[in-house]
Amino acid sequence: MTAVLRDALRGLGAGAAGTVTLNIVTYGDMALRGRPPSSTPQHIAATLARWARLLPLEDVPGSNPPQAQHRETAFGALMGYATGLGVGALYGVLQPRVNLPLVVGGLAAGMLTEAASDSTAIAIAGSNPKTWGLSGWLEDLIPHAAYGLMVALVYRALRER
């Protein structure tokens, strides 16, 4: 197995741990504050799935709207996993070659996942970061920072094995 593939697989595992961490922090915040989930990931994923023709482009007569909504929710979650795993694998490939300090590399990975999701939200869902306010930004920044730090910690542990 090549070094790049081994590093990518370690990063993939670290990305999985980071994604679980992001979800725990996000759902923990929702539970503590009683805030609703964001519908933006679902909206983005549904738009992309329709564009890729994985979902109908328009409502089909006789279709089951609850099933369509459930599919959109599923695509939103799958897109989150793909982003978390993909950034983790990228981190695994890049980290040994640039050798960033743990916190710096972890925060960079977290901010990359945030930039990926936020730029997509702006482009596809028409989200406007100027309207998010401090609370909205913290709801976004804190879970992504936790994701990145977990990616860096797990990747280091797997690499030092």
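Worth pointing out:
- Looking only at the stretch 46-82, and only at residues there that are at pLDDT 80 or above and among the polar types (S, T, N, Q), the one that is most open to solvent (accessible area, probe 1.4 Å): Thr73
- Looking only at the stretch 126-136, and only at residues there that are part of a helix (DSSP H, G or I) and over 17 Å from Gly34 (Cα atoms), the one that is most open to solvent (accessible area, probe 1.4 Å): Lys130
- All positions within the stretch 11-40 that are open to solvent by 30 Å² or more (accessible area, probe 1.4 Å), within 11 Å of the chain's Cα centre (by Cα) and more than 18 Å from Ala121 (Cβ to Cβ): Ala16, Val20
- Flag for Leu22 being modelled with pLDDT of 85 or more and within 25 Å of Gly148 (Cβ to Cβ): yes
- Among residues of the stretch 1-15 that are within 16 Å of Gly84 (Cα to Cα), those with a beta-carbon under 7 Å from a residue that is among the basic types (Lys, Arg) at least six positions away or on a different chain give the pairs Arg10/Arg159.
- Scanning the stretch 94-110 for residues that are in a helix (DSSP H, G or I), over 18 Å from the mean Cα position of the chain (by Cα) and either crowded, with 17+ Cβ neighbours inside 10 Å or of a type outside the set (D, E, K, R) (or both) yields Leu94, Gln95, Pro96, Val98, Leu102, Val103, Val104.
The values are calculated or read from the model by the stated rules, or taken from the named source; none is laboratory data. Bear in mind that the values here come from a model prediction, so they are computed numbers and not experimental data. We place every Cβ from the backbone using ideal geometry, glycine too, and count neighbours over all the protein chains shown. These accessible areas exclude ligands, DNA and RNA; they are computed on the full protein's heavy atoms, side chains included. Shrake-Rupley method; radii C 1.70, N 1.55, O 1.52, S 1.80 Å.
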